[in-house]
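This report concerns only the one structure given below.
Just so it is clear, none of the values below were taken in a lab; they were calculated from the coordinates. The shown structure was predicted, so the numbers you read here are calculated from the model rather than taken from an experiment. Every residue, glycine as well, gets a Cβ built from its backbone with ideal geometry; the counts of neighbours run over all protein chains shown.
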Amino acid sequence: MSMIGVAKTEVRESDQSDLREKYLQSLSLIERLHRQLLDVIKDDFERGGDWDINSVQALLLFNIGDQEMTAGELRSRGHYLGSNVSYNLKKLVDSGYINHQRSDVDRRSVRVRLTESGRSVHDRVDQLFNHQLSSMEEIGGISTEDFEDINTTLIKLERFWADQIRYRL
């Protein structure tokens with residue numbers, strides 16, 4: 001192999017190593033950020049003296065909003081990231097945050113929507129996010145353009161992973 005071929009191989013290996021490092025760092029950050037978001041929501045509810053709902057459930061109520069959907073749709077639309085959506089939905093129904101109704105067509109399918117109590121939790125999380133937005137750029141140093149870049153990259157990553165599953169790449 002010529003010296004040029006060796007140099008190109010070394011550059012490719014170096015680029016691959018750098019890409020791997022950045023990729024693994026991104027994966028770690030994505031996971032940590034989600035957990036930290038849940039901690040922020042938990043902290044807000046605890047400061048308000050609300051102990052009867054956890055942050056996962058509050059975020060789920062926020063994501064449902066004005067929609068009516070099935071548990072499967074919650075997961076497929078990205079509104080719920082855990083594997084135990086049925087457990088949390090049952091807890092939320094039992095606590096009066098969600099109404100559920102069996103489908104007339106498919107009795108196995110249950111559609112859910114927020115009650116007034118659920119709507120109140122939704123509004124509380126919405127308020128929290130709006131409060132954060134008021135200082136995002138000034139205190140956090142994060143601009144609209146930063147979010148555009150982040151979101152573009154995360155959408156590409158999501159599409160890449162979906163293709164890995166769909167096409168077994």
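Sparsely packed loop sites in the range 10-64 (the chymotrypsin sites (Phe, Trp or Tyr not before Pro) outside DSSP H, G, I, E and B with at most 11 other Cβ atoms within 10 Å) comprise Trp51. In the chain, Cα pairs under 8 Å separated by at least six residues give a relative contact order of 18 percent. Once the Cβ-Cβ distance of Val105 and Glu158 is raised to the sixth power relative to R0 = 22 Å, the FRET efficiency obtained is 0.10. Over the C-alpha atoms of the range 50-134, the Rg to Rh ratio, Rh being the Kirkwood estimate, stands at 0.98. Over 12 Å apart: what share of the alpha carbon pairs of the range 122-162 falls there, rounded to a whole percent? Tail of the P(r) past 12 Å holds 67 percent of the pairs. The distance between label points at Trp51 and Asp146 comes to 3.6 nm (points 7 Å beyond Cα on the Cα→Cβ vector). Rounding to the nearest 10 and keeping the result within 0 to 90°, find how far the Cα-based axis of helix 116-133 lies from the longest principal axis of the chain. Approximately 40 degrees, to the nearest 10. To the nearest ten degrees, helix 55-64 and the longest principal axis of the Cα atoms of the chain are 80 degrees apart. Ratio to report: Rg/Rh of the chain, with Cα atoms as the point set and Rh obtained by the Kirkwood method; give two decimals. With Rg and the Kirkwood Rh in hand, the quotient comes to 1.11. Selection among Leu133, Ser103, Ile64 by position relative to the dipole of the chain gives Ser103 as farthest towards the positive end (Cβ unit charges, Cα centre).
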